[in-house]
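Everything below concerns the one structure shown next.
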Amino acid sequence: MNLRRKPSAPGPARSYPHLVGTGPASAGARGGPERLYAGQRASQAVIWEGTIYLSGQTGEPGLPLKAQAQGALERVETLLDEAGSDKSKILMATIRLADMGDCAAFSEVWDAWIGGRDAPARSISEARLAAPGSKVEIVVVAARPRPSDLSSPCPTCDR
């Protein structure tokens, strides 16, 4: 996923001009947190002791709310995948809408995306968003499975 692009440069269809960082992953100093797409001001994701913290993800400014929500959720899913997790491991989602009148429309997109299962804790509020034309921002905290959680069970352990 190309998250690094200069705002004025044309890029591939899945590039995100507002997501700028030094690269996919960097380990923190002295065994500190792992950071994905670490920039000068913020990282797109920080992983620490089995928890993934994502910065606010937005859709393409100027698009309708549902399209922005889908774009933001795609970014969430991509970052979670890069961090070694997925949407079923989301613990908490904080959604900020530019207009609470869009809550029902956002919830339609959310419900389809989350699939009716593994629903995390969620809060929605109205906020003035930083990027002009942005209608939604999604902040996520998710679990990162331990390597032992991913391994298959021992075939002889149940004997």
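The values are calculated or read from the model by the stated rules, or taken from the named source; none is laboratory data. Since the model is a prediction, treat every value here as computed from it, not as a measurement. Note that each Cβ is placed from the backbone with ideal geometry, even for glycine, and that neighbours are counted across all protein chains shown.
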Looking at region 111-128, is at least one residue surrounded by 13 or more Cβ atoms within 10 Å (Cβ to Cβ), outside any helix (DSSP H, G or I) and aromatic (Phe, Trp, Tyr)?
no
With respect to residue 69, is the statement that it is among the hydrophobic types (A, V, I, L, M, F, W, C), over 17 Å from residue 141 (Cα atoms) and touching a Phe, Trp or Tyr at 6+ places or on another chain (Cβ under 6 Å) true?
yes
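Applying the selection to region 60-89, what residues are touching a helix residue (DSSP H, G or I) at 6+ places or on another chain (Cβ under 8 Å) and either at pLDDT below 95 or over 23 Å from residue 130 (Cβ atoms) (or both)? Spell out the reasoning first.
Pass one, region 60-89, residues touching a helix residue (DSSP H, G or I) at 6+ places or on another chain (Cβ under 8 Å): 60-61, 63, 65-66, 69-70, 73, 76-77, 80, 86-87, 89.
Matches in region 60-89: 86, 87, 89.
Quick one: which residue in 54, 3, 36 is of a type outside the set (Ser, Thr, Tyr), crowded, with 20+ Cβ neighbours inside 10 Å and modelled with pLDDT under 95? Before the answer, list the steps.
On the way: 54 fails: modelled with pLDDT under 95; 36 fails: modelled with pLDDT under 95.
Answer to the check: 3.
Taking the criterion of being under 12 Å from the mean Cα position of the chain (by Cα), over 20 Å from residue 145 (Cα atoms) and either modelled with pLDDT of 95 or more or β-branched (Val, Ile, Thr) (or both), would at least one residue in region 92-108 satisfy it? It would help to see each step written out before you state the result.
Start the filter on region 92-108 by keeping residues that are under 12 Å from the mean Cα position of the chain (by Cα), which leaves 92-95.
Then keep just the ones that are over 20 Å from residue 145 (Cα atoms); that gives 94-95.
Then keep just the ones that are either modelled with pLDDT of 95 or more or β-branched (Val, Ile, Thr) (or both); that gives 94-95.
Within region 92-108 (the criterion being under 12 Å from the mean Cα position of the chain (by Cα), over 20 Å from residue 145 (Cα atoms) and either modelled with pLDDT of 95 or more or β-branched (Val, Ile, Thr) (or both)), the answer is yes, since at least one residue qualifies.
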